[in-house]
Amino acid sequence: MIRLLLVDDEDLFRKGLATLLSIEADLEVIGQASNGKEAIALTTILQPDVILMDMQMPICNGVTATQEIVKRYPWMRILVLTTFDDDEYIGQSLQAGATGYLLKRKPSEEMAMAIRAVYRGYAQLSPEIAPKVFAQIRPVDPENSKYLDRLSSRELEVLQLIGQGKNNREIAHTLHLSIGTVKNYITQILSKLELRDRIAAALWARENLNTG
């Protein structure tokens, strides 16, 4: 059973989504919050597996809440729910540690599929949103091997796991490294590939490596 926390300041949308997701046999809505401050508090109490997080909320927005929750509980998955009006938050929320970004208007069945994927550790981007993220990335020619040649075998392993949506703790566990060492590798990867942030590295890995 995947335990969910829903965070949205629109009561009608949040409650409706809770009803629709509760129909799924493997999903359980264990709590609801109307702003980021409530989300942080409920996360501590309820320890959900996946958090569906709105971005534009009073008191404490989704970016701040995501950053705080990921810092405290790096194993938790956060799937951002948004409208196109939230474009400015795309990079911020993913950089804060969100595992995926999904449009609110998606059918509940697609949301359920995204939740399951995020729970298993795979990053999720709506097809409508992915181009906006790619547009922020410095373009790289996939056939230009000089970029891959810059990376050590260990850096390639780390990059591949980033492309699979793994967080630092999971990468450290998989490769038997300390979290500090993983962070150092990621810094080196971003520098060598001339990428801005972690989500750029994840997308670059998906385009240029076998991250299946």
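The values are calculated or read from the model by the stated rules, or taken from the named source; none is laboratory data. Treat the numbers as computed from the prediction; the structure is a model and nothing was measured. As a convention, Cβ positions derive from the backbone with ideal geometry for all residues, glycine included, and neighbour counts pool all protein chains shown.
All conditions in (1) over 12 Å from LEU52 (Cβ atoms); (2) modelled with pLDDT of 80 or more; (3) over 17 Å from the mean Cα position of the chain (by Cα) hold for ARG120, with the sole exception of (3).
What are the pairs, 6+ residues apart or on separate chains, where a residue within segment 153-170 that is in contact (Cβ under 8 Å) with a residue 60 or more places away in the chain has its Cβ under 8 Å from a residue that is of a type outside the set (A, V, I, L, M, F, W, C) and in a helix (DSSP H, G or I)? These pairs meet every condition: ASN168/LYS183. Taking the options GLY180, GLY165, name whichever one is part of a loop (DSSP other than H, G, I, E, B), small (Gly, Ala, Ser) and out of contact with any Pro (no Cβ under 7 Å at 6 or more places or on another chain). Going through GLY180, GLY165 in turn, the sole match is GLY165. Checking each residue in segment 185-194 for being without any contact (Cβ under 8 Å) to a residue 12 or more places away in the chain and surrounded by 14 or more Cβ atoms within 10 Å (Cβ to Cβ) picks out only LEU190. Taken over segment 161-183, the criterion of being within 17 Å of THR99 (Cβ to Cβ) and either among the polar types (S, T, N, Q) or within 16 Å of the chain's Cα centre (by Cα) (or both) is satisfied by LEU161, ILE162, GLY163, GLN164, GLY165, LYS166, ASN167, ASN168, ARG169, GLU170, ILE171, THR174. Scanning segment 95-126 for residues that are of a type outside the set (A, V, I, L, M), buried (at least 16 other Cβ atoms within 10 Å of the Cβ) and farther than 19 Å from SER22 by Cα yields GLN95, GLY97, THR99, GLY100, TYR101, TYR122, GLN124, SER126. Would you please name the residue that is modelled with the lowest pLDDT, looking only at residues in segment 188-201 that are farther than 15 Å from VAL70 by Cβ, among the aliphatic types (A, V, I, L, M) and part of a helix (DSSP H, G or I)? Only one residue tops the list, namely ALA200.
Using the structure shown, decide if TYR185 is within 23 Å of TRP75 (Cβ to Cβ), in the same structural domain as ILE90 (by TED's automatic domain parsing), hydroxyl-bearing (Ser, Thr, Tyr) and modelled with pLDDT of 80 or more. No.
Across segment 29-83, what is the number of residues that are over 15 Å from the mean Cα position of the chain (by Cα), surrounded by fewer than 24 Cβ atoms within 10 Å (Cβ to Cβ) and not acidic (Asp, Glu)? Total meeting the criteria: 23.
Is at least one residue of segment 5-14 over 19 Å from the mean Cα position of the chain (by Cα), farther than 22 Å from ARG169 by Cβ, surrounded by 14 or more Cβ atoms within 10 Å (Cβ to Cβ) and of a type in the set (Phe, Trp, Tyr)? Yes, segment 5-14 contains at least one residue that is over 19 Å from the mean Cα position of the chain (by Cα), farther than 22 Å from ARG169 by Cβ, surrounded by 14 or more Cβ atoms within 10 Å (Cβ to Cβ) and of a type in the set (Phe, Trp, Tyr).
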